[in-house]
Each structure stands twice: as structure tokens, then as C-alpha cells.
Amino acid sequence: MILGELLSEAAKEDAIRRRFMTHVVATPTSCWIWKKTHRRDGQFYLTKDELRDTRGFAEGKCVSARRLIYLLTYREIPNGKKVKTTCGVIGCVNPAHLEVVE
């Protein structure tokens, strides 16, 4: 990948992260609480329209808020793995409070 493409990817990720953070409220306990609605199963999602130009993340479908912020922060989630909180707060999306599990 050439430098221009790397910079373009970094700028896109920064824009996604900024949009993501508009849906988060930080708490004194350092949790980042997801403000948007969630599905019955407790998962928090963003649609492609909410993320706009996000090829590689949404591809025309919803993406889990936890998976998205984990990918933006740590770069990788092994196939078949899930992302869950370590703090026990259902609405938390702070990457420092997330872990990959079976």
C-alpha cells in the first residue's frame, strides 16, 4: 500500500471514530455508554448509513458497535470470536473494557 492510501485509510478511520464517539457518553467509572438504541439481544449496532463510507466495516449491513471500536483500536478479531465487556456494564463500548471470547 502506498503512503497516500495509508493516509486515506487513517483519515477514514479517524472520521468513523469521531462519528462513533458522538453516540457515546463517558462515565466516572471510565465506561463508555452507548446512547443509541440496541436490539433485543442487547447488541448495539450502527448501519452503513450511520457510518457512511465504511467499506471494510459494514459492507451494506449493520456492524456491532463493540466489534467496530475493537477493530479500530486493536486491528483484529479472530474469525468466529465475539467481543464482550469485562466490566459487566451492558452498554459499555470502551475498548479498554472489551475482550475477545469464544
Within segment 22-51, restricting to residues that are among the hydrophobic types (A, V, I, L, M, F, W, C) and either farther than 22 Å from residue 91 by Cα or surrounded by 13 or more Cβ atoms within 10 Å (Cβ to Cβ) (or both), the one that is modelled with the lowest pLDDT is 51
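Going by what's in this entry, would residue 68 be described as surrounded by 13 or more Cβ atoms within 10 Å (Cβ to Cβ), touching a strand residue (DSSP E or B) at 6+ places or on another chain (Cβ under 8 Å) and modelled with pLDDT under 85?
no
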Out of segment 69-102, which residues are touching a residue at least 40 places away in the same chain (Cβ under 8 Å) and not in a strand (DSSP E or B)? 69, 72, 87, 89, 90, 91, 93, 94, 96, 97
Inter-residue pairs, beta-carbon under 6 Å, first part of a helix (DSSP H, G or I) and in segment 1-17, second at pLDDT 60 or above and not β-branched (Val, Ile, Thr), 6+ apart: 13/72; 17/72
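The values are calculated or read from the model by the stated rules, or taken from the named source; none is laboratory data. Bear in mind the structure is a predicted one, so any value in this text is a computation, not a measurement. Because the Cβ atoms are built from the backbone with ideal geometry, glycine has one as well, and the counts that use them run over all protein chains shown.
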